[in-house]
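The values are calculated or read from the model by the stated rules, or taken from the named source; none is laboratory data. Predicted model, so just to flag it, every value in this text is computed and none were measured. Note that each Cβ is placed from the backbone with ideal geometry, even for glycine, and that neighbours are counted across all protein chains shown. Ligands, DNA and RNA are stripped out before the accessible areas are found, and what is left, the full protein with its side chains, is counted by its heavy atoms. Shrake-Rupley method; radii C 1.70, N 1.55, O 1.52, S 1.80 Å.
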Amino acid sequence: MRVIPSRRTPVVAAAAMVALGVLAVPAHARTDRGGTSPSLPRVTASVETPSLFDDEAGGNANADDPAIWRNAKDPDASLVIATAKEGGLRVYDLDGRQVQSLPAPPPPGDGDKPGRFNNVDLITGLRFPDGRHDVAVVSDRGRDQLRVYRIDPKRPAAPLVDVTDEAAAPRVFSTGQDEVNDQRTAYGLAAYTDRRDGRAYAVTSRRHATDLALAELLPDARGKVGYRTVRTTSLPASFTLPNGQDWSPCGEPGERPQVEGMVVDPDTGDLYAGQEDVGIWKLDADLRTPARLVEKVRSFGVPGTWNPGTEECDAGADPGFGGRHVSADVEGLTIWRDPKQPGRRGYLLASSQGDDTFAVFDREHDNAYIRGFRVGDDAAKPGVPDGSQECDGAAVTTAPLGKRFPNGLLVVQDGHNTPAATGADGETRTDTDFKFVDLGLLKRAARL
């Protein structure tokens, strides 16, 4: 069961960090691809899921974020639940075969945005009036809502059941449908259970903004789940550099540096939030305390100017204020718990989208960097899945998952699946999927 203790970790106020000159980054200035490390250890995936195609023929499906559900009674029947944006949800078995596909909601009216599932996380043992049930919680970027799906192991062909209480699922950030259609909506998501009172929560971020919202999940007597917003907070959008200059991350006019990848450490109560072009923040999951930046992206501090012609940022000279281990965008975050000491030791994993690598940080102390690795392919082994590029989301478990993954599993999104597929018109199709990595192989390859 994922639980949250009442411990409060001292954190440095964001305002104080600004004064110390440790915050800043340009957005979308991908100068940090030059900082890649080809010598990093590499591990190959054991399994890949079927391709998802982000076009009309493919139902506008685009792989994004995975979660791993362990079937405690039959670990071999465990599942991977993953978002496919406008394609809704996909459920896979441990062989990567699709078990179930659930659609995202249609648009509420003409000209409105349809549902678009962005991130997913799990609550183990959510307390319903008739007992406890595991659920998947999803951020619907298209509709600015949360959706909840009960996981029913007695329905192997269709294990997810939508239990969202439509009457008690308010917009997370928007005040009306017009604002929803602008898509400054619910984006990243992390779910957890607070062990002080057994209540379940989801933290969501807002697209193109720095806002975070904490929502309490509310099961009712009908077996439906609604939610209410408990509180909100915002991360900084502009910063002071050590050279005294003020900076705001570069981006399209009106857009602020957003957060997507998030995870709550179930044993410490810490929320890690990846502000894509800034770095990784650490704060209490209940959003009551200020945040501190524990890792900066490499392009941190590099000036950028928006170019309307290219719709990209033109990067200036690097002043040298960036980190060394993560390239923007910093994306999927996940907690690797030590199976021998799950409440203490382990790692924080982050996908470094800008250079197709993953960074491993100490789960304890000051989250010191341990090492990096790649999920790559192996040309010498025909039939082995290709690697993971431009990874959006990741999930890890050290719990044994039957015969297939007895040492645990890492699931990562592949934003550029190969070999490339082409449509009837001869054009290359946007092809994404998920890779399953045997945790035993990763441990040996990365010496973890």
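Can you tell me which residues in region 223-244 are part of a strand (DSSP E or B) and either under 30 Å from Arg147 (Cβ atoms) or open to solvent by less than 20 Å² (accessible area, probe 1.4 Å) (or both)? Don't jump to the end; show me each part of the working.
Applying the first criterion (part of a strand (DSSP E or B)) to region 223-244 yields 225-234, 239-240.
Listed by number, the residues that qualify are Val225, Gly226, Tyr227, Arg228, Thr229, Val230, Arg231, Thr232, Thr233, Ser234, Phe239.
Can you tell me which residue is farthest from Asn62 (Cα to Cα) among those in region 380-433 that are outside any loop (DSSP other than H, G, I, E, B), open to solvent by less than 70 Å² (accessible area, probe 1.4 Å) and among the hydroxyl-bearing types (Ser, Thr, Tyr)?
Within region 380-433, the subset outside any loop (DSSP other than H, G, I, E, B) is 394-397, 401, 405, 409-414, 422, 428, 431-433.
Imposing the further condition that a residue be open to solvent by less than 70 Å² (accessible area, probe 1.4 Å) reduces the set to 394-397, 401, 405, 409-414, 431-433.
In the following step, the residues that additionally are among the hydroxyl-bearing types (Ser, Thr, Tyr) were identified as 397, 432.
Working: Thr397: 24, Thr432: 6 Å.
Within region 380-433, the match that is farthest from Asn62 (Cα to Cα) is Thr397.
Based on this model, can you work out whether Ala291 counts as under 22 Å from Gly142 (Cβ atoms), of a type in the set (Gly, Ala, Ser) and within 20 Å of the chain's Cα centre (by Cα)? Steps first, answer last, please.
On the way: under 22 Å from Gly142 (Cβ atoms): no; of a type in the set (Gly, Ala, Ser): yes; within 20 Å of the chain's Cα centre (by Cα): yes.
No; evaluated as a whole, the condition is false for this residue.
For Ala328, all conditions in the list (1) touching a Gly at 6+ places or on another chain (Cβ under 9 Å); (2) over 18 Å from Lys282 (Cα atoms) hold save one; what is the number of the exception?
(2)
Taking Asp267 as the residue in question, decide whether it is among the acidic types (Asp, Glu), open to solvent by less than 20 Å² (accessible area, probe 1.4 Å) and in a loop (DSSP other than H, G, I, E, B).
Details: among the acidic types (Asp, Glu): yes; open to solvent by less than 20 Å² (accessible area, probe 1.4 Å): no; in a loop (DSSP other than H, G, I, E, B): yes.
Spelling it out, it is not the case that Asp267 is among the acidic types (Asp, Glu), open to solvent by less than 20 Å² (accessible area, probe 1.4 Å) and in a loop (DSSP other than H, G, I, E, B).
Please go through region 399-448 and pick out each residue that is among the hydroxyl-bearing types (Ser, Thr, Tyr) and modelled with pLDDT of 95 or more. Reasoning before the result, please.
In the first step, residues of region 399-448 are kept if they are among the hydroxyl-bearing types (Ser, Thr, Tyr); the result is 418, 422, 428, 430, 432.
Result: Thr432, single match.
Collect the residues in region 196-229 that are in contact with a Lys or Arg (Cβ under 7 Å, 6 or more places away or on another chain), under 17 Å from Arg184 (Cβ atoms) and not small (Gly, Ala, Ser), keeping them in residue-number order.
Result: Arg206, Arg207, His208, Thr210.
Does any residue in region 230-245 that is at pLDDT below 95 come within less than 6 Å, Cβ to Cβ, of a residue that is in a strand (DSSP E or B) and not hydroxyl-bearing (Ser, Thr, Tyr) six or more places away or on a different chain, and which pairs are these?
Listed pairs, sorted by first residue: Phe239/Trp247; Thr240/Asp246; Leu241/Trp247.
Every residue in region 270-293 that is outside any strand (DSSP E or B) and buried (at least 22 other Cβ atoms within 10 Å of the Cβ), please.
Initially, region 270-293 is screened for residues outside any strand (DSSP E or B), giving 276-278, 285-291.
Scanning region 270-293 gives Glu276, Asp277, Val278, Ala285, Ala291.
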